[in-house]
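For reference, the structure is listed below as structure tokens.
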Amino acid sequence: MKIAVVGLGHTGLVAAAVFAERGHTVIGHDIESDKLAVIREGRSPFYEPRLNDLLAEGLRSGRLAVHDELDRCLTDAEIIFLAVGTPAANGDGPNLSEFWAAAGQVVPLASIDAVLVLKSTVPVGTTDELIDRFRGKWPNDPPVAAVPEFLRQGSAVDDFLKPDRVVIGTYSTSALKSVKQVYTPFILPEEKFLPCAPVEAELIKHAANSFLAAKISFANELANLCGKLGADYDLVQTGVGSDPRIGRKFLNAGLGFGGSCFPKDLAALIKTGHEADARQTVLEAALAANRRQVEQVAMLADEICGGLRGKKIIQLGLTYKPDTDDVRGSPAMELAFLLAQRGADLICYDPEYRPTDVGSDRVFQLSDSPVTDCPGRDLLIVATEWPQFHDLPWEQIAEKMKNPILLDARNMLNLTRMAAAGFRYVGVGRRSAQ
Ligand code: UGA
């Protein structure tokens, strides 16, 4: 099929690359010409495993192209994916200005038969609003569908290739047919397709993220309780998570959730609940608990050091999770700012994050290597669970630090191994090996 993808951020670029890899002809559009220049070289403007290979192959085969002229991208498109960013706005759901600006350009240019698919995460009710705003474009059955995306950064290509479900929120039989046709080369069983109304598709997307976020807040508060009672959260997590109705996934305690999706989607669903007079108090509590969790860890650091002022701390990890260079809404970044604000002499290392404009360079130094920068440090904090941290030369690091104390704010390291390396180990609700 001939596909146009408007907005080449994390969702749009992965979609474009994977659709091309599956044999479709894809033209991507973005307003940022610098970004397009990088993509044309077969490189992703952000870090995402496997994506560069797919981009290079798509460009080489001619099945993938990118342009900044929107009309050129839309001319022959049978199906148009709107994937522009809907960034967080003041903790109250997303800012939709880019979304409406893009919709305002795309709808008039699109052919009347082209199917318009909303891939951007938009608040509940937005697809209906779009249909209303542009009612004049389609005399009968608007070929519009809300098809939310469930990919995770860091495993985006795999997630896109193997979706757990394809939710298709539409009133239009032609839109439903076309979306299913796009996914034909993915060879998905029929039960993976979930046709529904747009409002249901939007609710499913927000509810899925909100449920996972609430699960994490539950885990964090439970781990904090374990810490107070001297119980071991690892054991509690295993015991609770072994119940298949609960499951172990997303029960990892630590610094809390972040990124560009969970906090924003949770806030958006809370707002929808308020507006509909159906308050989502569980989600309100989950969001509040998440805001407190970074403070909990900062307090733990304060206790360990006997006050933060002037203490030399090295923090490993700044991104909101591993396998990404994204620091939007990152609890690790928030922790670094808090520690620095409270007077710690802080140096931070991250395998992928490179400073742009978050002002991080003004509050802490960036390290090129934890080994080089650990000498004389009072405390080491692990703030993002990068897998390569397992393989650091921990003995060497412990030996060089002034006080070999490790605060594992992601509960990722092996306690016995860290004790053997010479550390006093503190986790979030984990019982240390002494
Ligand atoms: C999340 C969802 O998992 C995707 O399904 C969804 O498509 C995406 O949001 C989106 O709406 O675009 P993502 O933000 O990439 O994906 O990352 P996750 O792997 O879900 O992690 C989110 C946050 O939760 C991270 O800060 C992570 O460190 C934290 N987390 C995760 C925990 O603190 N504990 C856990 O047990 C799991």
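None of the figures in this text is laboratory data; all of them are computed from the coordinates on show. Predicted, not measured: the structure shown is a model, and the values here were computed from it. Using ideal geometry, Cβ is built from the backbone for each residue, glycine included, and neighbour counts are taken over all protein chains shown.
Could you please state, rounded to a whole Å, how far the C-alpha centre of region 139-173 is from the C-alpha centre of region 235-258? Going from one Cα centre to the other spans 28 Å. In this Cβ point-charge picture (+1 for Lys and Arg, -1 for Asp and Glu), region 267-417 has a dipole of about 420 debye about its Cα centre. A viscosity of 1.306 mPa s and a temperature of 10 °C, combined with the Kirkwood radius over Cα pairs in Stokes-Einstein, give a translational diffusion coefficient for the chain of 68 µm²/s. Select from the chain the helices, each a whole stretch of DSSP H, whose alpha-carbon atoms run 18 Å or more along the helix axis and whose Kyte-Doolittle mean is at least 0.5; answer none if there are none. Helices passing the filter in the chain: 97-109.
All alpha carbon pair distances within region 99-154 were sorted into 5 Å bins beginning at 0; the resulting P(r) in whole percents reads 4, 17, 32, 24, 13, 6, 3, 1, 0. Evaluated with a Cβ-only charge set (Lys, Arg +1; Asp, Glu -1), the chain carries a dipole of roughly 820 debye about its Cα centre, given to the nearest 20.
Over all Cα atoms in region 45-181, the spread is summed up by Rg and Dmax: 15.7, 44 Å. Across q = 0.10, 0.15, 0.18, 0.22 Å⁻¹, region 267-364 modelled as identical point scatterers on its alpha-carbon atoms has Debye log10 I(q)/I(0) values of -0.36, -0.69, -0.87, -1.08, in the order of the q list.
Placing a label point 7 Å from the Cα of Phe186 along the Cα-to-Cβ direction, the residues of region 131-154 with a backbone N closer than 17 Å are 145-154. Rounded to 0.05, the FRET efficiency of the Asp68 and Lys228 pair, given R0 = 45 Å and the Cβ-Cβ distance, is 0.20. For region 186-243, the direction-averaged projected area of the alpha-carbon convex hull comes to 6.2 nm². With both labels modelled 7 Å from their Cα along Cα-to-Cβ, the Asn140 to Asn95 distance reads 4.2 nm. If the chain linking Gln396 and Arg309 were pulled fully straight, counting 0.36 nm for each residue of separation and taking away their Cα-Cα distance, it would gain 28.7 nm. The helix-only estimate of mean residue ellipticity at 222 nm for the chain, built from DSSP H runs of length n ≥ 4 each weighted as -39500 (n - 2.57), is -13000 deg cm²/dmol after division by the residue total.
Size descriptors for region 285-434: radius of gyration and Dmax over Cα atoms are 14.2, 42 Å.
The lysine pair tally for region 67-217, using Cα distances under 20 Å and a gap of 8 or more places or different chains, is 14.
Computed from the alpha carbon positions, the gyration tensor of region 130-276 leads to an equivalent ellipsoid with semi-axes of 37, 19, 12 Å, biggest first. How much of the calculated P(r) for region 195-295 lies past 19 Å, in percent of all Cα pairs? Result: 47 percent of Cα pairs exceed 19 Å. Of all lysines in the structure, the ones whose alpha carbon falls short of 24 Å from that of Lys311, not counting any fewer than 8 places away in one chain, are Lys400, Lys402. Coupling constants for region 248-255 follow from the phi torsions by the Karplus curve (6.51 cos²θ - 1.76 cosθ + 1.60, θ = phi - 60°), and in residue order they are 7, 5, 6, 10, 6, 8, x, 8 Hz; glycine and proline get x.
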